[in-house]
1. Hey, what's the Kirkwood Rh for segment 369-461 if you take every pair of different alpha carbons, in angstrom?
2. How much net charge surrounds H102 when only the other residues with a Cβ under 13 Å from the Cβ of H102 are counted, with Lys and Arg +1 and Asp and Glu -1?
3. Counting other beta carbons within 10 Å of each Cβ, put M355, M183 in order, fewest first.
4. State the dimensionless ratio Rg/Rh of segment 100-235 (Rg: radius of gyration of Cα atoms; Rh: Kirkwood radius).
5. With just the Cα atoms defining each centre, how far is segment 208-243 from segment 250-266? Give it in Å.
6. Sorted from largest to smallest, which semi-axis lengths in Å does the alpha carbon gyration tensor of the chain give for its equivalent ellipsoid, taking the root of 5 times each eigenvalue?
7. So what J values fall out for segment 252-260 if you push phi through Karplus, 6.51 cos²θ - 1.76 cosθ + 1.60 with θ = phi - 60°, rounded to Hz, Gly and Pro as x?
8. How far apart, in nm, are the 7 Å Cα→Cβ label points at L459 and K365?
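Since every read-out is calculated from the coordinates, none of them should be taken as a lab result. These figures come from a predicted structure and were not determined experimentally. FYI the Cβ positions are ideal-geometry reconstructions off the backbone, even for glycines, and counts take in every protein chain you see.
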Amino acid sequence: MLDLLLTNGLVVTEYGAKQLDIGILGGKIVSLVESGRSLAEEARETVDLGGQLVVPGGIDPHVHTNSVLPTAAESGIMCFGADRASEGAIYGGTTTLIDFAHWHPGDNLEDSFARKAKEWDGLTYTDYALHGTFREQEIPFEVLDQVPDAIANGHGSWKVWMTNTTPTRPHQKTDLGNIWGLMEKVAEAGAMLAVHAEDDELVMYAYKRLERAKQTDLQYMPDAHNNISEKISFERVISLAEYTGAPIYLMHVSAKEGVEAIAKARGRGLPVYGEILPHYAYFTAEDYKHPHGAIYHTYPSLKSEADRDSMWEALIAGTVSTLATDGVCTDFDVKTRGRTIFDTTGGFAGIEMRMAVAYTEGVHKRGIDLNRYVDFTSANAARILGLHPQKGVIAIGSDADLAVLDTGVSRVITKDDLHEADYTAWEGYRVEAWPSMTVLRGHIMMRDGELKQGPIGHLLKQHVGKDVRSRPAC
């Protein structure tokens, strides 16, 4: 007998969208049957979806939880933890989040992952994975030597920064030589390297020049985190990746030059992947001039209309692969505490709105097909970061992670609709889809705007496929 049967949904599988019934047993999808042919009495619970859209539960590959905000390091202010972020995710149709496990000097690598996992264990409404992360200028050779074993244990993605981001933040940049060493280990052991790519020398010089000119208001953020920095840093790290044979995942692409660098690399057959954020594809630098313009900001920066428009063009064309958030959940007073290019808080409460905004901007406004929508909201993140086919696909044997979207609604968003923070940058935005049910491993977590299940999420192992590591596979 099935644990759960979902009937009469417009289900998006790898083969397209079709009216199907989904049978679930033991947390897995065990049957996909043309609607009308299932036997409801063979299931302990049956839910008629009434023709609503069913897609794989969303995967947000870039969130931060329970971390001291770099621009508030002196005060120790932290963003919200896994409980708040994952609750918002579940309400929004996202079932997997990927956070960061920071290596600390003196740690074995497994210590880093264990410490961060404790912050999620028993608190998360979603499943989760962890990027191994370095924020030191140098990575000791004995730590680099631990990377292959960690990869074999299921830690399949790693992250570095090429910049300290602002002159006032704690150190986070790893120098290029040490990135070279990490790339060699990643390439050898079969993992993915994620990169925050900005040219540190250009960024820091820009800050000095802007300070000298007394141009430090938030509106000057694009002059500090500028297009030429993205171009040079992307080209530089792509060249190093090509030399070492490492696949790379370039986070929060913000400029058309970044898109162009990725396109050229993929055109040469390199396993280079790009990530954009919904607000880079909607807002522009002009929004920094609004009252409380900090709510639209994460690093690098918002840029011009041409840069913004290049984001959706690249996502539709498949030049970039994923839509993430760089999610940092805080309340309004924390998000807006900084007013200048030196102290504005990065990150952005957008996890909950990601699936609805993506449907509205992609499917409703631009007419992309539903499989492409699935690609950039879940499937590609699962492939690139080693979670496929367990996650990111509606298929026999995959986890029963599902987002049911009511595409018959049209509603204007207010902060009172949401759960991850007390503000939203999407205030007043009209969405043309709304999550009505979220299912995690066969458990109905949210239905009709109400939580139905407590925190049951667990840590996932990541194993990146050879095809993803050897060519631009998605």
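1. Details: mean 1/r = 0.0665 Å⁻¹.
When all Cα pairs of segment 369-461 are included, the Kirkwood radius is 15.0 Å.
2. Values: positive: R115, K116, R135, K159; negative: D99, D107, D111, E119, E136.
Net charge around H102: -1.
3. Least crowded to most crowded, the residues run M183, M355.
4. Rg/Rh for segment 100-235 comes to 1.04.
5. Here the answer is 14 Å between Cα centres.
6. 35, 25, 21
7. Values per residue, Gly and Pro as x: 5, 4, 10, 10, 4, 5, x, 4, 5 Hz.
8. Here the modelled spin labels are 3.9 nm apart.
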